[in-house]
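*Asks:* The structure's right below; bear with me while I get my questions together.
Every number in this text was worked out from the coordinates using simple rules, so none of it is lab data. The shown structure was predicted, so the numbers you read here are calculated from the model rather than taken from an experiment.
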Amino acid sequence: MTPAHALVAIPAHNEERSIGEVVRSAISTGLPVLVVDDGSSDNTSSIAEDAGATVLRLPVNLGVGGARRCAYRFARDNGFTRVAECDADGQHPVHAIPQMIAEADSLDLDMLIGSRFTDRRDSSVEPSRLRRLAMGMLARSASRAARTRITDATSGFRVIREPLLSALAEGLPSYFLGDTYEAIISAGRSGYRISETAIEMGRRWHGSSSASATAASRFVLRAGLTSALHIHQRLPDRA
């Protein structure tokens, strides 16, 4: 059964080599697909449109958080109550989206995160030891904020449901880790219900991550301090 009032949102920046296949995979789930082209200089938009997606083309590169916030606003303004978001690089198991939406609905969750690191994990992607240490630190603080075990606080493969969808449409940070880790911190401390489900993640089909190891280390340090000092983005409390 196709989940009603749900949208697949894919932020994309210069992903012309993978976006077509990702869109076609998402459309095969029976759900409408939105691609937010985050200021690409290649043919990402036209390839996504040809593959069947609705495309929002941003005139400048806002970063993945800004692109996600645009997707949330589009969803809210067009009557969608759930957004399933995945990356444009082919890493995420798009076929699992309907099951994730059904799980989020059945458990009445505001956010369901697809995790690479649960005990049932079966993934071909194994981060470096240093990166695993940093991700572990973020996961522990995210777990405290969410009041449940979080193992993959930086995962971009998620389902967001109302009322959190509308809250993040206005208050999702646009900077690196703000849209993933800090969103969990903000939502958890405001009383939204968060959980994880196990996924198998593959490797990027093309290209490489936009954040270098040095830049990623700075972002992790900033994110940790933001959480520890409680200077993260504030969201309205869940009713």
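*Asks:* What is the extension gain from Ser41 to Arg238, computed as 0.36 nm multiplied by their sequence separation minus the C-alpha to C-alpha distance, in nm to one decimal?
*Replies:* Result for the pair: 67.0 nm of gain on full extension.
*Asks:* Roughly how many Å is it from the Cα centre of the range 90-112 to that of the range 159-183, as a whole number?
*Replies:* 16 Å
*Asks:* Please give the length that would be gained between His5 and Glu170 if that part of the chain were fully extended, namely 0.36 nm times their separation in residues minus their C-alpha to C-alpha distance (nm, one decimal).
*Replies:* Separation in residues times 0.36 nm, less the Cα-Cα distance, equals 57.4 nm.
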